[in-house]
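Laboratory data are not the source of any read-out in this text; all were calculated from the coordinates shown. Fair warning: this is a prediction, and the values are worked out from it, not measured in the lab. Ideal geometry is used to build each Cβ from the backbone, glycine not excepted, and the neighbour counts take in all protein chains shown.
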Amino acid sequence: MADKTHRLVILGSGPAGLTAALYSARANLAPLLIEGAEPGGQLTITTEVENYPGFEHGIQGPELMNIFRRQAARFGTEFVMGEVTAADLGKRPFVLNVDGKSVRADALIVATGASAKLLGLESEKRLMGYGVSACATCDGAFFKGKEAVVVGGGDTAMEEATFLTRFCTKVTIIHRRSQLRASKIMQERAFKNPRIAFIWDSVVEEVFGEQKTGVSGVRLRNLKTGATSDFRTDALFVAIGHQPNTRVFAGQLDMDEAGYIKVRAGSTHTSVEGVFAAGDVADRVYRQAVTAAGTGCMAALDAERWLEAREAG
């Protein structure tokens, strides 16, 4: 890798990165894809995916990502296990440090995704995808006629809770403070919804359940009194925000206040010529596999056209 300058390097192996690889490989760009710390992205911790087009009976998240990967490999994508630990976008070709080795690229697609902020509990990790989720849009329909708990106090938590009331008989929001951080309009919607209840000044300390049977409840601790109590629920949705995986590009690419990469309207072009962003790394609104794949396609087409124009010039 150190002696060769690749026409296109793609960072990330979720739906965005793998779709970009598929399109660019078919365009004979011979892309090199750096798989990242979590090969396959967030879908590898998702059990059943029912809302990805083309799979009417649903598909397991890891299986879907394996299909994506095989399809990209079929057209000649080169895969490298590893994570980018440093990047220099101030010179051409771009230089990336991948686990101590240098990789040079004429064009770069950043599809490193965003990671849901979690509570950090062992039981939360064990039951992720088995009743614990960080995406109501993805998993809410699995809990029709059941009860759910949402942890958080911002707009994301209010949106998740409101969405879940389409399916759940009751949604309880657990917040560590005595008032919400969400915008006034989102608070009002939640307070007016008869299916939403609140537990204040409390945190989740344990999630009960088994992978075979799902979540059965949570243990709560009141931060003011220190008292603990067990609360029955069928699902736990963690809605305390997402963190885009962009730290390595801080100071080099224009980002918003939360760290999401800014792209030119209607495209995937970033503030640096020849660098493109796709998927959740540039999307703080939708964060769906299908939208990530769509922008992965856009990034590959943008990169192809940019390389052609540069090489023709």
Computed over region 234-288: relative contact order in percent, which uses C-alpha pairs under 8 Å that are six or more apart: 26 percent
In degrees, nearest ten, helix 15-26 long axis to first principal axis of the chain (Cα): 20 degrees
Those GluC sites (Glu not before Pro) in region 1-94 that DSSP places in a loop and that have at most 12 other beta carbons within 10 Å: E56
Hypothetical label at Q71: residues of region 268-302 whose amide nitrogen lies under 19 Å (7 Å Cα-Cβ projection): 278-280, 287-302
Contact order relative to length of the chain, as percent, for alpha carbon pairs under 8 angstrom and 6 or more apart: 21 percent
Between helix 289-312 and the chain: long-axis angle, C-alpha atoms, 0 to 90°, nearest 10: 20 degrees
Calculated FRET efficiency for the pair S271/E311, C-beta based, R₀ 22 Å, to 0.05: 0.50
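Taking the number of other C-beta atoms within 10 Å as the exposure measure, put M81, M128, M158, M65 in order starting with the fewest. Walk me through the intermediate numbers first.
Working: M81 12, M128 20, M158 27, M65 24.
Ascending number of Cβ neighbours within 10 Å: M81, M128, M65, M158.
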For region 268-298 and region 74-135, distance of Cα centres in Å: 14 Å
Proximal charge balance of G12 [Cβ under 11 Å; K/R count +1, D/E count -1]: -4
Count of Lys pairs (Cα-Cα under 30 Å; at least 8 positions apart or interchain) in region 69-194: 20
Listed residues A105, A250, A114, most fluctuating in the chain (Gaussian network, C-alpha, under 10 Å): A250
Using alpha-carbon coordinates, inclination of helix 155-164 to the longest axis of the chain, degrees: 70 degrees
Relative contact order, percent, region 118-238 [alpha-carbon distance under 8 Å, six or more residues apart]: 31 percent
Label point at T228 placed 7 Å out along Cα→Cβ; residues across region 103-130 whose backbone nitrogen lies under 19 Å: 119-127
Shape call, region 118-238: gyration tensor on alpha carbons, a/c limit 1.5: oblate
Sites excluded, chymotrypsin sites (Phe, Trp or Tyr not before Pro) in DSSP loops with at most 14 other C-beta within 10 Å, longest stretch of the chain: 56-285
Selected from V218, V80, V263 as most flexible by GNM, with the chain as the system and alpha-carbon contacts under 10 Å: V80
Hydrodynamic radius (Kirkwood) for the chain, which is based on Cα pairs only, to one decimal in Å: 20.6 Å
Rounded to the nearest 20 debye, dipole of the chain from Cβ charges on Lys, Arg, Asp, Glu: 520 debye
Residue order, fewest to most beta carbons within 10 Å, for H175, H57: H57, H175
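Over all directions, what mean area does the Cα convex hull of region 228-309 project, stated in square nanometres?
Mean orientational projected area (region 228-309, Cα hull): 7.9 nm².
Check each of the GluC sites (Glu not before Pro) in region 204-257 and keep only those in coil by DSSP with at most 12 other C-beta atoms within 10 angstrom; list them in order.
E257
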